[in-house]
Structures are given as C-alpha cells and as structure tokens.
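The values are calculated or read from the model by the stated rules, or taken from the named source; none is laboratory data. Since we're looking at a predicted model, the values are computed, not measured. Here Cβ is always computed from backbone atoms with ideal geometry, including for glycine, and neighbour counts include all displayed protein chains.
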Amino acid sequence: MKVLVCNAGSTSLKCKLYDMPGDTVLAQCGIERVGSENDALFHYRNNLTGKRKELSGLSMPDYKAGVRLFLDTLTGADTKEPVRTPEEGGSADGLSVLHSVSEVERVGFKTTLSKGHFGVHELNEETLQGMRDWYALTPVHTKAYLSAIEVLRAFLPDALFVGVFETGFHETIPLERRLFGVPYEWHEKYGLMRLGYHGASHGYIADVLNEKGRHYRAISCHLGGSGSVCAIKDGKSIDVSFGMSLESGLIHNNRVGDIDGSIWDFLRGEGLSEEEIRDGFRKKGGLLGISGVSNDLRYVIAAADQGNERARLAVDVYVSGIVHYIGAFYPDLGGLDYLVFTAGIGEHSDRIRAMVCERLAALGVKLDPEKNRNASGEAEISAPDSKVRVFVIPTDEELGIARRTYAFDRRK
Ligand code: ADP
C-alpha cells in the first residue's frame, strides 16, 4: 500500500511516500518558504534511484503549487518521457515512482489536536471540526494542517485521510497526573487537562525501545525547536512535560514553558496589551526571550561561550527544566533503565546531553564523554558503570505516522 505522510509547518511542507508494510521510503520532498512570491524552495528525492530535483526562486503563494509540483514529479507528469514503476526497472526519468496519484491509498498527517479525538482517526468532517474547536490551543500548527489537508484532498479525492494526533501517545497517562487544580466542571465541560504533544516522536522512541524487551522504565527527551520530556513505562506514556497547549513544560525556542496563570492579569495591570503578552508567550519567549540572542540554541551557546551572561542563563534555564522533569518522573517510573535524547538538539548537542547527565549523577547516570562527543546516528553514550543506559536515538516521526496510518482500521 502506498502511504503518503505529510508534516506541515507554517511555511513548509514535508512529504514522504512509503510502501507499506516494509517501511520503504519511495520518494520524499520538502517545500520551504511557502507564502513567498519568488523565493520558495522545492527539493525532491527518489529514494530508489537517489536522483534529486531541486528548484529555488519559486513563486508559491500557498501549499497548492508545491503539492502539485510534488505529485507531478512523483508521477512523471512534469516530463514528457514515459514513466515506468520501480517493479518495471525504475522510472525512465529516475524521479517518478508512480503511474498515477490514485495509487496513493492513504495520507497520514502529523496533526496536533482535535477536541474529543486522541490517537489515530480518519480526517472527516467530525475530526476537522474538533480541530477548529480547539484551534486556540495550537493556532499555528492547526492552521497549517487544515490548509494542507484541504489542498491534498483536492488532488487525492479517493484516498483515506488519517490524522495521527500528537496528543495520541499520551492517552495512557493516569488522570491524577493530567488534571489541573481548576474547578472539575472545567475539565468536564471544556476538556481542560494535560494533553501532551510530540506523540509521534515519543511513540517512535517507545517502538525502538520495545525491541530491547517488554518491561522497562525510560525517559525520552525530545529536544528540538520545541521540547518535551516523556516518561515511558513498558512502551506506554505515563507522564509528559507538556500541558494542554504548546506554551507549557520546558522553555522552547521562542515559546514560554510552564508559567503561572495569574501572570497574564498581572502583566495587563502593568500596562501590556493582550497582543504583547501573547507575543511574549508565543513568539518572543523561551531561549530567544531569555538570551535576547536567537531562538537557535547553537547561536545561544556560541554567545554564552563568548561571555554573554543572558545567553549563559538561557542555556542553564533550558537544562534545569529538563533535569526538573526527569527528577519529577523518576519516582513514578520506579527507577530508570533508559534515558534517551532525540530531535535536533538531543541528537546533535553533546554539550546539552553532558550538562543534563552531569546533574543526574544522583540517579546513577554516568556518560562516557568520548562516546557522547562522537555519537552519530543511534548510539549508546553511557559509561559501562552507569546505572542508567543513555542513548541518542534519531527520531523518525514520519515513519511512526506511516506505520500508524497503515495500521489504522477505519471500521473501528
Ligand atoms: P523542529 O523541532 O524545528 O522540527 P529539530 O528537531 O530539527 O526541528 O530541531 C531544531 C533545533 O535543533 C534548532 O533550534 C537548532 O538550534 C537545534 N540544533 C540542531 N543542532 C544543534 C546543535 N549541534 N547544538 C545545539 N542545537 C542544535
């Protein structure tokens, strides 16, 4: 079965075409700077032949032009040459992998959330309405997905559209760790509770750990543009640092993390407008807000190394948040077998991994400095006498989505 997986950002769209089962990526594409009049980028790769197509300086007012380009490249409709399938010995142009877009049976999306729907669901009028109902919690992401879904639906009217909601993996967190201390009726009436995100990534890490044995206690640190820490017991999420919206938990690249509810009113009293406060929480907070340097941790670390005090503080606040959640989850897990670092920062910053692990010495965590420094791809980086095995595991959210989209039973 051909399964297309889509990961939509506010100005980007990444797609991968899988042949399932078997986890084979046939082709993939990235469209960047969507919304630009003459500066958008398109890159495509046929994973079977390795042949690439890269275009820049494109006019791409919305996703539509990019999706059309991708589908035309997938089917060879952008060339005059006859197209052959891989079974027939590879496509004539080296780029296309399909005869027709109708071969795509399912499309899976890394959707954020939909009121009343957690886990994996068909994207129909009901789930789309749920996305609109809870729009205020993840406006940027939901907006991107609603428009990507609409565009792809027009091109692929017969495919089954599946939303693998980012909140899904966390359904197993017990209610006592999900409820906020607000009037219970708010939970019943408005659904207020900790939902958690990064489900595709933490779920993928659980898939990898499950292969080491069924019973384990793990903490997965997804540290990317946004970050979260998730406690996983025997393959299931039992706690997560995210709350109900994306402005919670760890500090993120430019978004606030945990914040106390009355600060909004307090700042209004100090004369800030609603918009200024919202911007501070959603765009000008996090690493950027504290450091005043950048929302990219690489630049913040570089500035800290040159003596910038606020940058140093931002790095310390970031690390403290990670350590705080690991410490909070440890007793409920009943110990720790595996500590995993993943996503952009988790996979590439040996510095952050070392800073976190150094502060976990009381839990018996001990890194092998050389393994940590040289880690590339999946790697174990703990010292032989560490009580906790520490891993770097590159996340593969798209594969997690492809598997769940393929396995989805629409009759349930
Ligand atoms: P996103 O979360 O935006 O989908 P990633 O998981 O790829 O994307 O994470 C991107 C983040 O990773 C960027 O903010 C970048 O600063 C950070 N990053 C990547 N490599 C490093 C590194 N070597 N050191 C510190 N931060 C890094």
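Name the single residue that is farthest from V315 (Cα to Cα) among those in the range 350-377 being within 16 Å of the ligand (Cβ to nearest atom) and crowded, with 20+ Cβ neighbours inside 10 Å. The residue in question is A375.
Just to check your reading of the model, which residue among V208, V182 is more than 17 Å from V240 (Cβ to Cβ), in a loop (DSSP other than H, G, I, E, B) and among the hydrophobic types (A, V, I, L, M, F, W, C)? Reasoning before the result, please.
Values: V208 fails: in a loop (DSSP other than H, G, I, E, B).
Checking each option against the conditions leaves just V182.
Name the single residue, out of those in the range 202-231 being in contact with a Leu (Cβ under 7 Å, 6 or more places away or on another chain) and without any contact (Cβ under 8 Å) to a residue 40 or more places away in the chain, that is nearest to the ligand (Cβ to nearest atom). Of everything passing the filter in the range 202-231, S226 is nearest to the ligand (Cβ to nearest atom).
Looking at the range 330-349, which of its residues are within 24 Å of L288 (Cβ to Cβ) and either of a type in the set (D, E) or more than 15 Å from the ligand (Cβ to nearest atom) (or both)? E347 - this is the single residue of the range 330-349 that is within 24 Å of L288 (Cβ to Cβ) and either of a type in the set (D, E) or more than 15 Å from the ligand (Cβ to nearest atom) (or both). Restricting the range 120-144 to residues that are touching a residue at least 40 places away in the same chain (Cβ under 8 Å) and in contact with a helix residue (DSSP H, G or I) (Cβ under 7 Å, 6 or more places away or on another chain) leaves a set whose member that is surrounded by the fewest Cβ atoms within 10 Å (Cβ to Cβ) is V120. Test G327 against the stated conditions and say whether it is touching a residue at least 40 places away in the same chain (Cβ under 8 Å), within 30 Å of E247 (Cβ to Cβ) and away from the ligand (no atom under 12 Å from the Cβ). So G327 fails the test.
Does R310 count as within 12 Å of the ligand (Cβ to nearest atom), basic (K, R) and either outside any loop (DSSP other than H, G, I, E, B) or within 24 Å of K233 (Cα to Cα) (or both)? Quick ask: steps written out before the conclusion?
On the way: within 12 Å of the ligand (Cβ to nearest atom): no; basic (K, R): yes; either outside any loop (DSSP other than H, G, I, E, B) or within 24 Å of K233 (Cα to Cα) (or both): yes.
So R310 fails the test.
Tally up the residues in the range 280-301 that are in contact with a Ser or Thr (Cβ under 9 Å, 6 or more places away or on another chain) and either among the aliphatic types (A, V, I, L, M) or away from the ligand (no atom under 14 Å from the Cβ) (or both), please.
Within the range 280-301, residues that are in contact with a Ser or Thr (Cβ under 9 Å, 6 or more places away or on another chain) and either among the aliphatic types (A, V, I, L, M) or away from the ligand (no atom under 14 Å from the Cβ) (or both) number 5.
Residues that are of a type in the set (G, A, S), surrounded by 14 or more Cβ atoms within 10 Å (Cβ to Cβ) and assigned to a loop (DSSP other than H, G, I, E, B) do occur in the range 380-392. Suppose we keep only residues that are of a type in the set (G, A, S) and within 20 Å of the chain's Cα centre (by Cα) within the range 1-46. Which one would you say is surrounded by the fewest Cβ atoms within 10 Å (Cβ to Cβ)? Filtering first and then ranking leaves S10. Evaluation of D158 against the conditions (1) out of contact with any Ser or Thr (no Cβ under 9 Å at 6 or more places or on another chain); (2) surrounded by fewer than 18 Cβ atoms within 10 Å (Cβ to Cβ); (3) not in a helix (DSSP H, G or I) shows that the sole unmet condition is (1). When you check L313 against the structure, is it at pLDDT 95 or above and under 30 Å from L175 (Cβ atoms), yes or no? Criteria not met by L313. Checking each residue in the range 2-59 for being at positive phi and not acidic (D, E) picks out G22, R33, G35, G50, G57. Could we say that D265 is within 16 Å of the ligand (Cβ to nearest atom), modelled with pLDDT of 95 or more, exposed (fewer than 15 other Cβ atoms within 10 Å of the Cβ) and over 20 Å from the mean Cα position of the chain (by Cα) here? Considered against the rule, which asks whether it is within 16 Å of the ligand (Cβ to nearest atom), modelled with pLDDT of 95 or more, exposed (fewer than 15 other Cβ atoms within 10 Å of the Cβ) and over 20 Å from the mean Cα position of the chain (by Cα), D265 comes out as no.
Among the residues of the range 178-201, which ones are surrounded by 17 or more Cβ atoms within 10 Å (Cβ to Cβ) and touching a residue at least 24 places away in the same chain (Cβ under 8 Å)? Working first, answer last.
Applying the first criterion (surrounded by 17 or more Cβ atoms within 10 Å (Cβ to Cβ)) to the range 178-201 yields 178, 192-201.
Those that are surrounded by 17 or more Cβ atoms within 10 Å (Cβ to Cβ) and touching a residue at least 24 places away in the same chain (Cβ under 8 Å): L192, M193, R194, L195, G196, Y197, H198, G199, A200, S201.
Taken as a whole, the range 207-218 holds no residue that is under 30 Å from K283 (Cβ atoms) and at pLDDT 95 or above.
Assigned to a loop (DSSP other than H, G, I, E, B), of a type in the set (A, V, I, L, M) and either within 16 Å of the ligand (Cβ to nearest atom) or closer than 14 Å to S220 by Cα (or both): does that describe L272? Here the answer is no, as L272 does not meet what is asked.
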